[in-house]
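The values are calculated or read from the model by the stated rules, or taken from the named source; none is laboratory data. Everything numeric in this text was worked out from a predicted model, so none of it was measured. When we count neighbours, we look across all protein chains shown, and the Cβ atoms used for this are built from the backbone with ideal geometry, even at glycine. Note: areas computed on protein heavy atoms with side chains; ligands, DNA, RNA excluded. Shrake-Rupley method; radii C 1.70, N 1.55, O 1.52, S 1.80 Å.
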Amino acid sequence: MRKYEQYKRLIKFVFSFNAVFFVVVIYWFVWNGYYNKIIEAPFWRKGNWLMVALYAALLALFYRTYGGFKIAYLKKGNLIWSQILSIIFVNLITYFQIALIDKKLHPVYPMLVMSVGEFGIVALWANVFQLIYRRLFPPKKMLLIYGDRPAFHLRDKINSREDKYYLAGAIHIDYGAERIMEQIRGYDAVIIGDIPAHERNQLMKLCFERSVRTYTVPKISDILLRTSTELDIFDSPLFLSRNEGLQIEQRIVKRLCDVVLSAVGLLLTSPFFAVIALMIKCTDRGPVFYRQDRLTKDGKVFSICKFRTMIQDAEKHTGARLASDHDDRILPVGRFLRRTRLDELPQLWNILKGDMSLVGPRPERPELAAEIEESIPEFAYRLKVKAGLTGYAQVYGKYNTSSYDKLKLDLTYIRKYSLFLDFKMILMTPKVMFMKESTEGVKEEVEEKSDFLLF
């Protein structure tokens, strides 16, 4: 592995270039061989190159947005879906671009055939790349260093990426820094879990000193620090944390976007409302909508509106709890609605009313939030902005992501907020809507019994 390590970035660049090149070549043949021949004023040389360059630029933009360039970073299925979704949007834009140029609509089937061909190229490319990359860069043998906070969820996450990592062992921080450093010699990398700050800092310095590749789980204070503004007005580096939430102009523009986009969204999705309502009624003849108290900015309670996906009175005997894998309370149609997140469409009305925003932390139930805050008091930090239909934690996390990790993701959004980030989250939402892993239910947690574990 070390033999090719210095060429890793170059290899990734070559494969990223090929990921765009082969798709653009297919478009070149379709444009030059069909559409350019049927428009009233055909393009010549420079015009053709301009059309191809514009297609390539759009493709690169969407690849960058959806993660199509994150080769060897995303799972193979995720990478393929990122590129396919990018191609779908680019081809839609390109079709209407051609229609505007010729001032009329043209047959769609050549664009559809082109899309299918591009999907095939993407799938083939991803599988070939995965095979070559795996041989050049085998999974890293890793050692997990953990503390008193259970690390089973971190172990499971690492093991889910067997194409990149091989978690060969785990050791408790109580073994001491020097003894741990001796253990590290037999590994390619180390992952430092949620351990006390003093011990973590000591380990990070030792790993830096001995050139050990290190992955570190950030604490909440790390999130606040890395999203601060760097000041260079003194000869000592300073980080400024204003801690004020969104500025007045940001709140005004965000609210304006919420009103316009939610109103348009309600108009465009109204046919779905009728179909979904009929499906729910035909299931058990119960109510179509489900209302529930949720928290938004500054702890304000509001009534959220969603399509009902569970049996009536689902929590009558169990009380408030998150849905789990294979939850028998979920209706058959409810599984489809939850998997595609169509159950959340009525929240557009909450956004129009001003209870929520299009982008923000997931609105939590007051009783569940109070329960979480008993062990994580900082969980209330999420309430510095309005709750959102989609958001940073919804896009980059999962339904069953731990509350502590959701808090870190939400704080990252709040601290890095910009209108561009909001639009990026909106564009990213279609990608996660159809990814099964994003809607997985919570799993039963088990405590680890041993101080030193081999996996």
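Nothing charged except the Cβ atoms of Lys and Arg (+1) and of Asp and Glu (-1): what's the magnitude of the dipole of the chain about its Cα centre? Round to the nearest 20 debye.
1560 debye
If packing is taken as the average count of other Cβ atoms within 10 Å, what order do 385-391, 152-158, 68-74 fall into, highest mean first?
Ranked from most to least packed, the peptides come out as 385-391, 68-74, 152-158.
Using the Karplus equation 6.51 cos²θ - 1.76 cosθ + 1.60 (θ = phi - 60°), what ³J(HN,Hα) coupling, rounded to whole Hz, does each residue of the range 242-252 give in order, writing x for Gly and Pro?
So the Karplus estimates, Gly and Pro as x, are 6, 6, 9, x, 6, 6, 4, 5, 5, 5, 5 Hz.
Taking the mean number of other Cβ atoms within 10 Å as a proxy for protection, how do you rank 207-213, 50-56, 353-359 from highest to lowest?
353-359, 50-56, 207-213
How large, in Å, is the range 114-269 by the Kirkwood hydrodynamic radius built from its alpha-carbon pairs?
Here the Kirkwood hydrodynamic radius works out to 20.2 Å.
Sort L295, L419, L203 from largest to smallest accessible area, using a 1.4 Å probe on the heavy atoms of the protein chains. Could the numbers behind the result be given before it?
Numbers: L295 25, L419 65, L203 0 Å².
Largest to smallest exposure gives the sequence L419, L295, L203.
From Cα coordinates alone, what are the radius of gyration and Dmax values for the range 143-224 in angstrom?
12.1, 34
Within the chain, what whole-number % of the accessible surface is contributed by carbon and sulfur, with the 1.4 Å probe and all protein chains included in the calculation? List each step's numbers first, then the result.
Numbers: 15430 of 25200 Å².
Roughly 61 percent, rounded to a whole number.
Just grab the label-to-label distance for E374 and Y73, each label 7 Å out from Cα along the Cβ direction, in nm (one decimal).
Spacing of the two 7 Å Cα→Cβ label points: 4.0 nm.
For the chain, what is the accessible area per residue in Å², given a 1.4 Å probe and the full set of protein chains?
Here the residues of the chain average 55 Å² of exposed surface.
Could you list which residues have their amide H under 5 Å from that of A189, counting only those 5 or more apart in sequence or on another chain, with H placed in the peptide plane?
Correct list: K141, L143.
Using the beta-carbon distance between Q292 and D174 and R0 = 60 Å, what value does 1/(1 + (r/R0)^6) give for FRET efficiency, to the nearest 0.05?
Computed FRET efficiency for Q292 and D174 comes out at 0.85.
In whole Hz, with x marking every Gly and Pro, tabulate ³J(HN,Hα) for the range 9-19 from phi via Karplus 6.51 cos²θ - 1.76 cosθ + 1.60, θ = phi - 60°.
So the Karplus estimates, Gly and Pro as x, are 5, 5, 5, 4, 5, 4, 5, 5, 4, 5, 4 Hz.
Let me have the relative contact order for the chain, percent, based on Cα pairs under 8 Å that are six or more residues apart. Can you show the working numbers first?
On the way: 563 pairs, mean separation 59.1, N = 455.
Relative CO of the chain lands at 13 percent.
Give, in whole angstrom and from largest to smallest, the semi-axes √(5λ) of the equivalent ellipsoid of the chain, with λ running over the eigenvalues of the Cα gyration tensor.
Over the Cα atoms of the chain, the semi-axes work out to 38, 34, 23 Å.
Go through 360-370, 175-185 and give me the packing order, highest mean Cβ count within 10 Å leading.
On the way: 360-370: 19.6, 175-185: 14.2.
Output ranking for 360-370, 175-185: 360-370, 175-185.
Once fully extended, how much extra length lies between I233 and E209, figured as 0.36 nm per residue of separation less the alpha-carbon to alpha-carbon distance?
Gain on stretching I233 to E209: 5.7 nm.
Just to be sure I understand the curve: with the Debye formula and one point per C-alpha of the range 343-423, what is log10 I(q)/I(0) at q = 0.26 Å⁻¹?
-1.39
Residue by residue, what Karplus-based ³J(HN,Hα) values in Hz, rounded to whole numbers, does the range 286-301 have, using 6.51, -1.76 and 1.60 with θ = phi - 60° and x for Gly and Pro?
x, x, 7, 9, 10, 10, 7, 6, 9, 9, 10, 3, 6, x, 5, 9
7 Å from Cα along Cα→Cβ at both F119 and E367: what's the point-to-point distance in nm?
Taking the two extended label points, one gets 4.4 nm.
Of H198, H106, which has the most accessible area with a 1.4 Å probe, and how do the rest follow in descending order? The partial results should precede the final answer.
Numbers: H198 135, H106 20 Å².
Ranked list, largest accessible area first: H198, H106.
Restricting the calculation to Cα positions, tell me the Rg (one decimal) and the Dmax (whole number) of the range 120-163 in Å.
15.2, 48
Pull out the extension gain between L419 and F152, defined as 0.36 nm times the separation in residues minus the alpha carbon to alpha carbon distance; nm, one decimal. Before the final figure, lay out each step's value.
Working: separation 267, 0.36 × 267 = 96.12 nm, distance 3.65 nm.
Result for the pair: 92.5 nm of gain on full extension.
Determine the gain in length on full extension of the stretch R161-L136; use 0.36 nm per residue of separation and subtract their C-alpha separation, reporting nm with one decimal.
Values: separation 25, 0.36 × 25 = 9.00 nm, distance 1.67 nm.
Separation in residues times 0.36 nm, less the Cα-Cα distance, equals 7.3 nm.
Tally Lys/Arg at +1 and Asp/Glu at -1 over every other residue whose Cβ is under 10 Å from the Cβ of D422; what's the total? Don't jump to the answer; show the numbers that get you there.
Working: positive: K254, K424; negative: D258.
Around D422, the charge tally is +1.
Let's test the formula: R0 of 35 Å, r as the Cβ-Cβ distance of L54 and A263. What FRET efficiency results, to the nearest 0.05?
Using R0 = 35 Å, I get an efficiency of 0.65.
In nm, to one decimal, how far is the modelled label at N18 from the one at A41, with both set 7 Å along Cα→Cβ?
Computed distance between label sites N18 and A41 equals 4.1 nm.
Hey, what did the range 134-189 get for relative contact order, percent, Cα under 8 Å, at least 6 apart?
48 percent
Based only on Cα atoms, what Rg/Rh ratio does the range 63-189 have, Rh being taken as Kirkwood's radius?
Values: Rg = 22.3 Å, Rh = 18.1 Å.
With Rg and the Kirkwood Rh in hand, the quotient comes to 1.23.
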